[in-house]
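Values quoted throughout were computed directly from the atomic coordinates according to the rules given, and no laboratory measurement underlies them. Because the structure is predicted, anything quoted here is derived from the model rather than measured. In this analysis, Cβ positions are derived from the backbone assuming ideal geometry, glycine residues included, and neighbour counts consider all displayed protein chains.
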Amino acid sequence: MNPRSLASAIAAASLLATAAPALAHAKLVKSDPAANATVHPDLKTITLTFDDPLVAAFSKFTLAMPGMAMPVKTAVSADSKRIVGTLPKPLMKGTYTVAWTAATKDGHKTTGTVKFKVA
Ligand SMILES: [Cu+2]
């Protein structure tokens, strides 16, 4: 490779490196309850925190016990980084799965789950 094409290869590589963050999708950075935590039945809210601002209309989560959906009302926080779910009533003892969808302004959606226990 001559120096000139090497230089353009490096330029192309650094362009790719620069472009990468723009392609990044929202990643879950924190959850409350934490993954696999055991919490009390009087849990009032579930909060998921992401690394990128979310599009509120397409970002949410559901809550379920094995074979049974549980009511939860979700909303995206004012800073757009968190999805907060409000629980209308105390939870039964058992294992719960939070299944989330996080949408970012680039139109990409990421999904994932967080499990926790109520005891
Ligand atoms: Cu993306």
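Which order do D42, D52 fall in if you start with the one that has the fewest other Cβ atoms within 10 Å?
In increasing order of surrounding Cβ atoms, one gets D42, D52.
What residues qualify as long-range amide H neighbours of M70, i.e. H under 5 Å apart, gap of 5 or more or another chain, H built at 1.01 Å from N?
L63, A64, M65
Karplus couplings for region 81-94 from phi (6.51 cos²θ - 1.76 cosθ + 1.60, θ = phi - 60°), rounded to Hz, Gly and Pro as x?
9, 10, 10, 10, x, 9, 9, x, 8, x, 8, 6, 5, x
Please give the per residue volume of the convex hull enclosing the alpha carbon atoms of region 25-118, rounded to a whole number of Å³.
83 Å³
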